[in-house]
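See structure below.
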Amino acid sequence: MNARLNLQTVFLLTLPPLLWAGNAIAGRVVHDMVPPILLNFLRWLLALLILLPLAGPVFRRDSELWRHWRRFALLGLLGVGLYNALQYLALQSSTPINVTLVAAGMPVWMMLTGWLFFNASVTRRQVAGAVLSIAGVLLVLARGDLAHLLALRLVAGDLFMILATIAWSLYSWLLTRTTEPVSLRADWAGYLLAQVGFGVLWSGLFAAGEWTLSDATVHWNWTLILVLAYVAIGPAVIAFRCWGEGVRRAGPAIAAFFSNLTPLFAALLSSAFLGELPHVYHGIAFLLIVGGIIVSSRRPS
């Protein structure tokens with residue numbers, strides 16, 4: 001296995017898919033309580049408030065942030081303003097299984113993005129790893145029965161998820177193409193807050209458009225409040241912190257395979273909430289996904 005993919009890096013890249021699986025479930029729970037774009041805005045506004053006490057000085061006039069504001073504005077647009085907004089929007093018209101199926105193409109989009117825009121090479125091992133990993137995801141989505149996959153039909157929401165996946169691929173690659181000083185990157189809270197600050201502006205703009213162009217309403221209750229707290233702390237602050245560091249260590253192409261753990265974790269969490277025991281195909285899928293990670297991360301002897 002690549003030396004960069006040690007146990008600590010594996011943990012950093014495994015925790016975000018677990019938290020994002022919970023995010024998908026949480027987003028589905030409140031999809032009729034709050035509009036999707038507004039949900040994304042509220043989520044990141046809370047994350048901003050959490051990060052401010054940790055790294056507020058990053059917004060000072062003499063901060064290095066302002067010399068690189070265009071880069072952080074782009075990172076905020078892709079990772080904060082677009083990705084989850086498009087995912088929440090996809091869940092309004094598509095089923096969770098379809099959304100997860102579309103997102104399963106992440107390794108492919110990550111490789112294509114790197115090859116087209118970042119002069120990254122694509123190896124046979126990466127292709128083989130992608131095949132294994134996606135096979136594991138398809139097994140989960142098919143629930144061990146090919147007929148479930150053959151019965152799937154794509155709808156408008158699936159297009160939103162494709163766009164979300166492309167946005168995340170670009171975001172992940174940009175994380176590795178650093179132009180800002182080491183002092184700014186070394187402060188994880190400040191680095192994330194710089195992205196979130198611009199991301200909140202983007203998502204606020206999108207939410208304003210949604211509110212103006214639709215008859216959107218918010219049904220406040222304790223379920224919605226608890227979901228907002230979770231998606232702001234876990235899938236936002238903690239997951240983005242771990243993902244950013246994991247991508248920096250392993251590279252976006254390898255990290256993409258870990259994102260395919262999300263549907264597996266989502267299936268297991270759904271089973272836990274529904275009181276159902278995991279099936280044999282969950283275990284087989286886990287082995288395929290992990291096998292894809294190992295194969296793609298190995299270097300020739």
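Points worth noting:
Let's see how each residue does on (1) touching a residue at least 24 places away in the same chain (Cβ under 8 Å); (2) touching a helix residue (DSSP H, G or I) at 6+ places or on another chain (Cβ under 6 Å):
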position	(1), (2)
Arg177	yes, no
Ser183	yes, no
Gly204	yes, yes
Trp222	no, no
Leu226	no, no
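- Subset tally (residues that are among the small types (Gly, Ala, Ser) and under 13 Å from Ile50 (Cα atoms)) for region 201-243: 4
- Filter result for Thr165 (surrounded by 14 or more Cβ atoms within 10 Å (Cβ to Cβ) and at pLDDT below 80): no
- Qualifying residue in region 206-221 (condition: of a type in the set (S, T, N, Q), under 19 Å from the mean Cα position of the chain (by Cα), surrounded by fewer than 23 Cβ atoms within 10 Å (Cβ to Cβ) and over 23 Å from Ala26 (Cα atoms)): no
- Unmet criterion (only one of (1) touching a Pro at 6+ places or on another chain (Cβ under 9 Å); (2) modelled with pLDDT of 90 or more; (3) of a type in the set (D, E, K, R)) for Arg71: (1)
- Leu54 aliphatic (A, V, I, L, M), modelled with pLDDT of 95 or more and surrounded by fewer than 22 Cβ atoms within 10 Å (Cβ to Cβ): no
- Out of Ala189, Ala208, Ala151, sole residue that is closer than 19 Å to Trp44 by Cα, free of Cβ contacts under 8 Å to residues at least 40 places away in the same chain and not acidic (Asp, Glu): Ala208
- Within this structure, Ser270 fails the test of being among the small types (Gly, Ala, Ser), surrounded by fewer than 23 Cβ atoms within 10 Å (Cβ to Cβ) and out of contact with any helix residue (DSSP H, G or I) (no Cβ under 7 Å at 6 or more places or on another chain).
- Residue within region 62-73 that is surrounded by fewer than 19 Cβ atoms within 10 Å (Cβ to Cβ), of a type in the set (Gly, Ala, Ser) and either over 20 Å from Pro263 (Cα atoms) or without any contact (Cβ under 8 Å) to a residue 40 or more places away in the chain (or both) present: yes
The values are calculated or read from the model by the stated rules, or taken from the named source; none is laboratory data. Quick caveat: nothing in here was measured; it's all calculated off a predicted structure. Methodologically, a virtual Cβ is constructed for each residue, glycine included, from the backbone with ideal geometry; neighbour enumeration extends over all protein chains shown.
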